[in-house]
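Just so it is clear, none of the values below were taken in a lab; they were calculated from the coordinates. What you see is a predicted model, and the numbers here were worked out from it, not measured in a lab. Neighbour counts run over all protein chains shown; Cβ positions are idealised from the backbone, glycine included.
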Amino acid sequence: MKAFHWSWEPGVWLSAHGCRTPFGDATATRRALADKTVALKARAIQGSDPEEDQIPLALIHPMDDQRPSGWERTIASLPDKLPAGEWGTSKRPVIVTSSNFGIDQLLAYTRDEDARRLAVALPHTSAERVAELLGWSGPPTLISHACVSSSLGILQAAQWIRSRVVEEVLVFSFDFVSPFVAAGFASLKILNRGFPMPYSDGVIGSIGLGDAVGWVVVSRTPGPFRLIASATQNEMHHMTANEPAGSGFEGVCDALAADAAGRRLWIKGHGTGTLDAGRLEANAFERCFPGAPLVSWKGSLGHTLGTCGLVETAVSMSSVEAGEVPGTVGGRAPVFAGTVALDAFSPNAFQGFLSFSSAFGGAHVLHLIEHD
Amino acid sequence: MIECYIQEPCVLGPFTTDADARIADFRKALPAGRARRLTAMAVLLSEVLRRLPHEEDEPVYFGSTYGDTPSLEKYLASFPHASPMSFQNSIHPGPLVQAFVARGRPVPAFLPFAGGREIIGSLLLSAMTASAATRLCIVAETQATWMTQASIASGATFALGFRMTEAPRNPRFRVVRASGNVEASSIARESGANEGTEGFFQAMAEEVEFRVHSEAYGDFRFQRCCPGPI
């Protein structure tokens, strides 16, 4: 079955953008990535053996049971960083995406039975808290599809813009590592003591997890970043593993091949550090977009879960503005494809980039973004 | 103004005290190999897909305020030895992903929504503006144990599936969306007002004319159509 193709004609643009990672804002994050600085540090998961069970985590706040939680404290520091305006109205709605929302508070509740935690434990109640902290006037739309959540948020915003039912949309995403999610990934045996080496042909694959917040405004006002088209596919082969032949990766690449034709592109990949998915992804991109340099930054920032697509797109836009795209942090030869870029490069020779995210269920989202 | 048509909905529930027995019945109707590891909510959603099969290239819009809360309870109870099965099942769209995996066919476009009182408005606006001839919309909740008692999970188990079309194809409802200032979010019927997934489910199950007011996403009027081809 073919991937779904979403066309954004006559015009959808990504305007204001930003993020918050352990390095700071998008500019600080881009600089750190260009310097190949690794935000991940080996840390123990709560409740586990601190000597034996250390895993790579890139945290903004310590992973603890404090209330208010780390995500509330980080988001409370953001109001003056976000684009100004009255958000949360029918003409200027907000889409909030996350894979975890306030789930950390639910696990903490099972330990201490502090009922105050339940006020932000559900997706909509945590999003209402975010809306309150950031001064939005109405409740946001919530999209949650594991690690493609924020990429789908951008897609849904573009669909509303294209349909002319709204003026502009703020897409906001947050995901914070908690014992809930760290223990879950560890139980699936995809977290270990190793640090991620995206697209590297090693013996053992490893991923890291990270905290992040990101945002972008999607509008019909022309600017330097135009969303040309998107493609989606959900393999539904297995709950957590990809279809072995890589049909989902190939599908979204094929769906955007015609849109990409004639454009010199670079690729912000998903590249978590797992071996099978990394190989399938790198090979699909090399086959479909020959010569397009492929980068992943999860070797530094870790996998920021549902927010990764948006945060990494914001860093990509910041990289274009700065004239330098960081290379694949943590990666080393041999790599799965000759197009994997281990070192920083200039975006000036390119006309756009592809932003790619994957998730459980074999979900894939690929955006084609043209830049000046 | 935008409009669409809704074909005969698939309505399962609401089940409360009889939920386990009904889920067991639905599980028996599934091929044994598929059904064994599905959670209760995934069985419910598999039954929706059995009655309302997903058409190729059709975008799927899924809405649930609480998700698979029994799986979430199981996962939380598994600490400090986290259960990988309960972890993957507890992810927000997990139950519908299970149902699709059991059917073994890809889904090109899948948008899972969460949310409280605005979930139906945001889901309807998203589905109605999709670039597709048809869309499959599914809304579901399932009751839990201590999470239901703590009012952080649904008090009933139910699922609703319906196909939305651009052109009238045996429609049960014509849906018209108007933007503008409307009162606070609610699903209004002659009998009163409800909100969220449960209110929407009840209104669709009764097949009465109703409207979904959404402060942020517009005013959706559900006008009943005569059954049969137009």
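GNM on chain A, alpha-carbon springs under 10 angstrom: the most fluctuating residue among A:S319, A:S187, A:S137 is A:S187. Expressed to the nearest 5 percent, the antiparallel share of DSSP beta bridges inside chain B is 80 percent.
Between helix B:94-103 and chain B there is an angle of about 90 degrees, using the helix long axis and the longest principal axis of the Cα atoms.
What percent of all Cα-Cα pairs in the stretch B:19-108 falls in each 5 Å bin, counting up from 0? Cα pair-distance distribution for the stretch B:19-108, in percent: 3, 14, 24, 23, 20, 11, 4, 1, 0. Computed extension length for A:A28-A:D343: 111.6 nm, one decimal, from 0.36 nm per residue of separation with the Cα-Cα distance subtracted.
Counting only other chain Cβ atoms within 10 Å of each residue's Cβ, the peptide B:76-82 averages 6.
Comparing A:C288, A:C19, A:C147 in a Gaussian network model of chain A (Cα springs below 10 Å), the most mobile by mean-square fluctuation is A:C288. Find, among the GluC sites (Glu not before Pro) in the stretch A:232-306, those assigned to loop by DSSP (not H, G, I, E, B) with at most 15 other beta-carbon atoms within 10 angstrom. Here no loop site has a sparse enough neighbourhood. Of all trypsin sites (Lys or Arg not before Pro) in the stretch A:5-111, which ones are in loop regions per DSSP and have a Cβ with at most 14 other Cβ atoms within 10 Å? Those satisfying the criteria are A:K91. Between the exposed loop cleavage positions of chain B, defined as GluC sites (Glu not before Pro) in a non-H, G, I, E, B DSSP state with at most 16 neighbouring beta-carbon atoms within 10 angstrom, the longest gap is B:57-165. Each Lys or Arg adds one and each Asp or Glu subtracts one; over the other residues with Cβ under 14 Å from the Cβ of A:A333, this totals -1. Shielding of peptide A:2-15 by partners, expressed as the average count of other chain Cβ atoms within 10 Å per residue Cβ, is 2.
For the stretch B:2-224, the C-alpha radius of gyration divided by 2.2 N^0.38 Å, with N the number of residues, is 1.00. Charges were assigned to the Cβ only: +1 to each Lys and Arg, -1 to each Asp and Glu. The resulting dipole of the stretch A:217-317 about its Cα centre is roughly 480 debye. Candidates B:N170, A:S206, B:Y61 compared by Cα position along the dipole of the protein assembly as shown: farthest toward the positive end lies B:N170, with charges placed on Cβ.
Its DSSP H runs of at least 4 residues, each contributing -39,500 (n - 2.57), put the calculated 222 nm mean residue ellipticity of chain B at -9500 deg cm²/dmol, to the nearest 500.
What shape does the stretch B:89-152 take by its C-alpha gyration tensor, where a ≥ b ≥ c are the square roots of the eigenvalues and a/c under 1.5 counts as rounded, a/b above b/c as prolate, and the rest as oblate? Oblate. Annotation: the residues A:I143, B:I152, sorted from fewest to most other C-beta atoms within 10 Å of their own C-beta, follow the order B:I152, A:I143. Take the Cα of A:S163, step 7 Å toward its Cβ, do the same at A:T125, and the gap between the two points is 3.1 nm. Value of Rg to Rh for the protein assembly as shown, rounded to two decimals, is 0.94; Kirkwood radius and Rg both from alpha-carbon coordinates. Paramagnetic label reach from A:A257 (point 7 Å along Cα→Cβ; backbone nitrogen cut-off under 15 Å): within the stretch A:1-40, residues A:1-5. Of the GluC sites (Glu not before Pro) found in the stretch A:22-128, the ones in coil according to DSSP and having at most 11 other Cβ atoms within 10 Å of their Cβ are A:E51, A:E52, A:E86, A:E113.
Set the Förster distance to 56 Å, then compute FRET efficiency between A:T221 and B:D20 from the Cβ-Cβ distance, nearest 0.05. Rounded to the nearest 0.05, the efficiency is 0.55.
Pairs with C-alpha atoms separated by more than 22 Å, drawn from the list A:K189/B:K74; A:K189/A:K298; A:K189/A:K268; A:K2/A:K298; A:K189/B:K28, are A:K189/A:K268; A:K2/A:K298; A:K189/B:K28. Counting Cβ atoms of other protein chains within 10 Å of each residue's Cβ and taking the mean over peptide A:132-142 gives 4.
As a proxy for reagent exposure, B:M1, A:M317, B:M204 were ordered by neighbouring Cβ count within 10 angstrom, fewest first; the result is B:M1, B:M204, A:M317.
Annotation: the residues A:T221, A:T339, B:T142, sorted from fewest to most other C-beta atoms within 10 Å of their own C-beta, follow the order A:T221, A:T339, B:T142. Only helices enter this figure: runs of n ≥ 4 DSSP H residues, each worth -39500 (n - 2.57), summed and divided by the residues of chain A, yield -8500 deg cm²/dmol at 222 nm to the nearest 500. When DSSP beta bridges are restricted to pairs lying wholly in the protein assembly as shown, around 75% turn out antiparallel. For chain A, the Cys residues with no second cysteine's beta carbon closer than 4.7 Å are A:C19, A:C147, A:C308.
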